[in-house]
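Please read the structure below before turning to the comments.
The values are calculated or read from the model by the stated rules, or taken from the named source; none is laboratory data. Keep in mind that what you see is a predicted model, and the values were worked out from it rather than measured. Cβ placement follows ideal geometry from the backbone for every residue including glycine, while neighbour counts extend to all protein chains displayed. For accessibility, only protein heavy atoms count, side chains too; no ligands or nucleic acids. Shrake-Rupley method; radii C 1.70, N 1.55, O 1.52, S 1.80 Å.
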Amino acid sequence: MDSDFQSAHPSVCDAPPAGVHAANRPPTREEIEALVSEKQIKLAELKRAQEELERERAGLEDLRRRQAEFQTGRAEMLQHLTRGIGLLEESELNARRDAQEMARTLADFHEAVNKVQAINEHAWTSENHSVELTRAATTIENARMEWNAARLKFQLLAGAPPAATDPSAAPSRSVFPPESDWWHMCKFGLALNWPLVLLGVGIFLALLLRH
């Protein structure tokens, strides 16, 4: 080997391979710009995918909320409606019973009015005056009994406004008023037995007059 030739052309023998130089060289400006554009495109695609996932998540959250509201509302309304049906049915039954009782009382009032109006004291004579008076007094007392019993049942007849009733509670149907005491019960018993006492007194007086 000619040493003079090697010393004269050192670049030919000492130059690195072409592939090694291409792999180790820094990227050019065009390559950097291409990489930046590629990354921006990938970021835009990821952002669109994130936005789509966010929309899907929001839709699922809204669907879950509506489903929970539906289930809660259905259970709540079923409970309210079932309770309302029970209360209204009980109230309707009580109102129907009260209406029937009021109709019977109204019929009794009409009958009592007819009996009281049928009393004609001008037709009485001295012979039957005592007996007719006893009968008339008995009719009046029976009418009074009907009136007093109706007043105990219907507060409207007593002059007091109807008390507000709770539909869930059954109406009280006590024979005596709530404020009744021993004196009220005595008066009630006297009102029930007064016609019999009056009738006995009338018969006794009639027997005395005959004798």
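When region 99-158 is filtered for residues that are open to solvent by 60 Å² or more (accessible area, probe 1.4 Å), polar (S, T, N, Q) and in a helix (DSSP H, G or I), the ones remaining, listed by number, are GLN100, ASN114, GLN117, ASN142. Output the number of the condition that ALA95 fails; it satisfies all remaining conditions of (1) at pLDDT 90 or above; (2) small (Gly, Ala, Ser); (3) assigned to a loop (DSSP other than H, G, I, E, B). That leaves (3) as the condition not met.
Being in contact (Cβ under 8 Å) with a residue 40 or more places away in the chain and at negative phi is a description that does not apply to SER37. The set of residues in region 57-95 being in contact (Cβ under 8 Å) with a residue 60 or more places away in the chain and of a type in the set (Ser, Thr, Tyr) consists of SER91 alone.
For region 73-103, which residues satisfy the criterion of being of a type in the set (D, E, K, R) and either in contact with a strand residue (DSSP E or B) (Cβ under 7 Å, 6 or more places away or on another chain) or closer than 30 Å to GLU146 by Cα (or both)?
Scanning region 73-103 gives GLU90, GLU92, ARG96, ARG97, ASP98, GLU101.
Which is over 24 Å from ILE203 (Cα atoms) and out of contact with any Ser or Thr (no Cβ under 8 Å at 6 or more places or on another chain), of ARG64, ARG135? Matching residue, one of ARG64, ARG135: ARG64.
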